[in-house]
Ligand SMILES: Cc1cc2nc3c(=O)[nH]c(=O)nc-3n(C[C@H](O)[C@H](O)[C@H](O)COP(=O)(O)O)c2cc1C
C-alpha cells in the first residue's frame, strides 16, 4: 500500500514592518521554515487562523514600547479568537537605546502566553546581523513539524 502523504502542519508568519528590518527578519525565518506561509499583517485573514497549527507574529516597536497601529488592531482581533490550540511565537526588531526594547514583542508575548501555546520570543537589534543567526535558527527550529 502506498503512503497517503504526510500530514500537513501549517504555519503562518504574520508580520508588520515600516522600514524593512522586521520584514527582512520575517523573510529569513520563512526561508528557514519552507513550509510556512508568509503574510504582511494587512494580508492575513484572521478568520483563517483556525486552519493553522502554528502562528509566528513579527513586529517592530513604536512610541514608547508600543505596538504600531496596524499590529494593535491585529492584536485585538487575535485576542478575541479561539487560539488555545495554536503553537505561537513572537519576534521583533527594536533599538536597545529606547527604554523598552522590543516592547511590542513583550505585549504579544503576554497575551499569547495567556491565550495560546507560546513557545518562544526573539528580539533583534534593528537589521539582523550574522551574529544573530544562531538565535534566529534556534527560534525557527522550534516551529519545525
Ligand atoms: C518614533 C520611534 C519610536 C520607537 N520606539 C521604540 C521603542 O520603544 N522600543 C524599541 O525597541 N524600538 C523603538 N523604535 C525602533 C524601531 O522599532 C526599530 O528601528 C525597528 O527595527 C524598526 O523596524 P522596521 O524596519 O521593521 O520598521 C522606535 C522607532 C521610532 C522611529
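Read-outs: derived from the displayed coordinates by stated rules, not from any lab. All of these numbers come straight from a predicted model, not from anything done at the bench. Methodologically, a virtual Cβ is constructed for each residue, glycine included, from the backbone with ideal geometry; neighbour enumeration extends over all protein chains shown.
Arranged by the count of other C-beta atoms within 10 angstrom, fewest first, what order do 121, 22, 144, 59 take? Provide the component values of the computation, followed by the final result.
Numbers: 121 19, 22 27, 144 13, 59 30.
Placing the least packed residue first, the sequence is 144, 121, 22, 59.
Taking neighbour counts of Cβ atoms within 10 Å as a proxy for exposure, in what order, fewest first, do 16, 100 appear?
Details: 16 26, 100 15.
Lowest count first: 100, 16.
Mind running the shape call on region 1-126? Use the C-alpha gyration tensor, a ≥ b ≥ c as the square roots of the eigenvalues: rounded below 1.5 for a/c, prolate if a/b tops b/c, oblate otherwise. Write down the numbers at each step before the final one.
Working: a/c = 2.11, a/b = 1.62, b/c = 1.30.
Prolate shape, in that a/c is at least 1.5 and a/b is the bigger ratio.
If I model a spin label at residue 113 and residue 101 as a point 7 Å from the Cα along the Cα→Cβ vector, what separation in nanometres do I get?
Taking the two extended label points, one gets 1.8 nm.
According to a simple spin-label model (label point 7 Å from Cα along Cα-to-Cβ), what is the distance in nm between residue 8 and residue 37?
0.8
Please order 47, 109, 40 by the number of other Cβ within 10 Å, starting at the fewest. Show your work: numbers first, answer last.
Details: 47 9, 109 20, 40 14.
Fewest-to-most ranking of 47, 109, 40: 47, 40, 109.
Mean-square fluctuation check for the chain, GNM, Cα pairs under 10 Å: which of 58, 89, 20 is largest?
Maximum fluctuation in the GNM of the chain, among the listed residues, is at 20.
Classify region 87-138: rounded, prolate or oblate, from the alpha-carbon gyration tensor (a ≥ b ≥ c, eigenvalue square roots; a/c under 1.5 rounded; otherwise prolate if a/b is larger than b/c)? Provide the component values of the computation, followed by the final result.
Values: a/c = 3.82, a/b = 1.33, b/c = 2.87.
Since a/c reaches 1.5 but b/c is at least a/b, the shape of region 87-138 is classed as oblate.
Okay, helix-only estimate at 222 nm for the chain: each DSSP H run of n ≥ 4 adds -39500 (n - 2.57), divide by all residues, round to 500 deg cm²/dmol; what do you get? Could you put the intermediate results ahead of the total?
Working: 4 runs with 46 residues, N = 145.
Computed mean residue ellipticity for the chain: -9500 deg cm²/dmol.
Can you give me the relative contact order of region 37-99 as a percent, contacts being Cα pairs under 8 Å and 6 or more apart? Let's see the in-between values first.
Values: 53 pairs, mean separation 28.9, N = 63.
About 46 percent, as a whole number.
Looking at the square roots a ≥ b ≥ c of the eigenvalues of the Cα gyration tensor of region 40-102, which shape do they give, rounded for a/c under 1.5, prolate if a/b is larger than b/c, or oblate? Display every interim value, and only then the final one.
Values: a/c = 2.49, a/b = 1.97, b/c = 1.27.
Prolate shape, in that a/c is at least 1.5 and a/b is the bigger ratio.
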